[in-house]
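Data block below; observations after.
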Amino acid sequence: MAYPKINKVELSDTVKELLKSKDAIKVLATTDKHGEVHAVFKGSISVNDDGNITLIEVLESSQTNRNLTHAIWFNRHVSVLLKDSAGNSYQIKGIPYADHTVGPEYEEVYRNLTEKNPDADVAGYWEIIPDEVRLETFKERLQEEIETLPILGHADKDFIG
Amino acid sequence: MADTAELKLPNWRNEELSYNEILEKYPSVSPFVILKADILRRGFTLTEKAKEHFDDSIYINAINNSEKDFGAVITSESKAPVGLLLRDGTAIGCSTNQNEGIRDPYVIDYVDDKFVITDQGEQIEDVDFWRKPDYYGKLTSKGNPMETVLTARPRRLDVFSANKYCNFWGRGEGCKFCSLGPAARFYRNNPEAALADPDEIEEAVVEALKQKGRFTTICTTAGSITTGDKLFDDEVKMYSEIYTRIRRHFKGDELRFQYVASAFDKEQLIRLKEATGNIAFTTNLEVPTAELFEWICPGKAKDVGYEGWKQRLYDAVEVLGKGNVNTQIVAGADLVQPNGFKTENESVEAILKLTEELAQHDVGVVANVWGVVSTIIFKNFYPPSLEYYTKVFSGVNDIQQKYGILTYFDDYKRCGTHPSSDLLRD
Ligand code: SF4
């Protein structure tokens with residue numbers, strides 16, 4: 001069965017706000033069929049009313065579009081990285097649920113984009129179901145590692161001479 | 001129903017690998033494309049609940065679609081989608097009667113507020129239907145519904161009734177898998193009446209493209225016209241008459257038009273390109289060997305021949321460029337007896353050998369699932385196993401990718417008829 005085996009997580013309001021923010025830094029990381037990683041800045045990343053991540057892919061032949069296709073076909077994860085102006089960052093993992101290439105929603109996306117840039121096109125309006133969210137801010141991650149894996153790190157940190 | 005297949009295979013589930021078994025055996029082939037191939041092979045029906053929720057103000061209903069005039073799709077269902085759309089954008093163009101009754105069809109149900117594809121009660125996938133475009137229901141200046149001259153796929157416009165007659169059929173030499181036979185009998189004494197009105201097509205295209213973001217390309221196919229100063233000249237004239245009109249509404253010299261036509265010679269292709277600006281061209285070899293061509297496509301074999309047809313494909317690449325020319329193989333029709341291959345593997349090998357040979361000349365190949373209806377000469381046969389199709393489609397795609405023949409004009413988005421080129425996206 002091709003149905004994605006996925007335990008959807010609810011995104012917090014903070015993460016949703018960040019996904020919708022025009023000022024946040026947004027990166028999409030995918031892998032190709034050979035496992036090669038590919039990461040791109042993707043300002044169009046957002047969230048829809050169902051709590052799924054959405055993004056616009058403008059180039060049909062791009063590596064990102066190929067990798068997203070590979071991910072939807074074989075239930076592979078993709079990763080979205082977000083960072084706000086205060087330095088807070090999140091990683092959201094998920095599996096593509098749909099590549100919308102037709103229908104009223106798609107046409108709205110197409111109209112909005114081509115009004116701003118008549119040469120642009122919309123190869124796909126992708127929808128990704130999130131199944132993991134991690135706060136990736138350095139301070140939080142450091143504290144988490146110290147608490148859960150105290151063996152890691154250097155001995156001189158607690159050495160008092 | 002009037003035109004469904006006649007043969008039944010009651011034990012097919014015991015004799016063939018199932019969809020799930022194929023997914024396990026071929027884990028690197030898209031499950032969506034395999035599902036598409038199986039749906040094309042087995043057909044589908046709708047439960048009463050699905051029919052209730054099939055809203056033909058949103059979706060294209062097969063009975064309103066003029067593809068039926070081309071002889072391919074006729075259904076007596078009052079509500080029948082003309083095509084399906086999967087989550088990944090894969091389009092499946094088939095009516096409910098494609099290969100109907102040969103094997104058990106998939107069943108489309110309506111569960112938890114969505115349409116789902118099921119088989120023996122198991123939910124396989126979510127599914128949507130082909131949406132009705134804004135121009136459907138509008139009338140041409142001659143008072144005809146625009147969808148009778150121009151049909152819509154999810155993302156492509158089709159002029160599929162440009163000529164509902166084929167001279168090969170008129171001579172009793174039509175292709176044996178082709179469903180145009182009844183139309184040929186109808187138009188034999190008045191072939192002119194089978195030609196569409198270019199003005200109406202132009203009006204419909206102009207109206208259709210007002211819907212921003214819906215259509216990527218315009219494709220035309222028609223029955224062969226062998227007449228003219230030289231072979232196929234009148235067919236070239238027909239395409240020119242339609243597309244010089246349409247071209248007036250576009251800027252530039254490279255236009256997103258595709259012709260699925262007879263094997264025009266180089267001079268005709270240059271003439272057509274200059275007149276109409278078409279990017280893409282398809283002319284179909286249909287079967288993988290010269291011997292089968294002579295048996296299955298006698299008219300084409302007599303007028304052009306198998307090697308001649310190949311040469312015209314190579315010439316077309318010189319005119320239009322690599323990636324803009326391809327040919328279709330009707331996978332499975334070459335297994336029909338008494339003259340067809342005796343095993344599925346022989347057919348797979350022959351199709352891949354031909355694909356490799358054509359790839360060396362930069363010609364693309366697309367393969368489809370053969371649809372059997374009772375109006376074709378080969379009506380007493382059936383499309384082969386899902387494993388056969390999985391091998392053909394993935395093998396053809398592997399060769400296309402190896403040689404870098406990226407015939408995007410026939411991919412999942414623009415065409416959607418050929419599972420082999422649906423695999424081009426990965
Ligand atoms: S050339 Fe063959 S397939 Fe095409 S319309 Fe004529 S008979 Fe049918």
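In this structure, is B:Phe257 touching a strand residue (DSSP E or B) at 6+ places or on another chain (Cβ under 8 Å), more than 16 Å from the ligand (Cβ to nearest atom) and open to solvent by less than 30 Å² (accessible area, probe 1.4 Å)? When the stated conditions are applied, B:Phe257 passes them. For region A:87-107, the count of residues that are assigned to a helix (DSSP H, G or I), surrounded by 15 or more Cβ atoms within 10 Å (Cβ to Cβ), in contact with a strand residue (DSSP E or B) (Cβ under 8 Å, 6 or more places away or on another chain) and not basic (Lys, Arg) is at least one. Test A:Glu115 against the criterion of being open to solvent by 60 Å² or more (accessible area, probe 1.4 Å), at pLDDT 90 or above and within 30 Å of B:Phe129 (Cβ to Cβ), and give yes or no. Yes, satisfied.
The set of residues from region B:155-199 being within 30 Å of B:Asp88 (Cβ to Cβ) and away from the ligand (no atom under 13 Å from the Cβ) comprises B:Arg155, B:Arg156, B:Leu157, B:Asp158, B:Val159. Picking from residues in region A:63-80 that are buried (at least 19 other Cβ atoms within 10 Å of the Cβ) and more than 11 Å from chain B (Cβ to nearest Cβ), the one that is farthest from A:Thr137 (Cα to Cα) is A:Thr64. If the condition is being within 16 Å of the ligand (Cβ to nearest atom), of a type in the set (S, T, N, Q) and open to solvent by 20 Å² or more (accessible area, probe 1.4 Å), then region B:222-249 contributes B:Thr226, B:Thr227.
Considering only region B:26-35, state which residues are over 19 Å from B:Pro383 (Cβ atoms) and either more than 8 Å from chain A (Cβ to nearest Cβ) or open to solvent by 30 Å² or more (accessible area, probe 1.4 Å) (or both). B:Pro27, B:Ser28, listed by residue number.
Taking the stated definitions as given, is A:Val37 away from chain B (no Cβ under 14 Å) and closer than 24 Å to B:Leu424 by Cα? In short, yes. At pLDDT 95 or above and within 16 Å of the ligand (Cβ to nearest atom), is that true of B:Ile296? Judged against the criteria, B:Ile296 is a match. Checking the structure you have, find out if any residue of region A:125-144 is at pLDDT 95 or above, assigned to a helix (DSSP H, G or I) and farther than 17 Å from A:Lys26 by Cβ. Checked region A:125-144: no residue is at pLDDT 95 or above, assigned to a helix (DSSP H, G or I) and farther than 17 Å from A:Lys26 by Cβ.
The values are calculated or read from the model by the stated rules, or taken from the named source; none is laboratory data. The model shown is predicted, which means the values in this text are computed figures rather than measured ones. Backbone-built Cβ (ideal geometry, glycine too); neighbour counts: all protein chains shown. All accessible areas refer to the heavy atoms of the entire protein, side chains included, with ligands and DNA or RNA removed. Shrake-Rupley method; radii C 1.70, N 1.55, O 1.52, S 1.80 Å.
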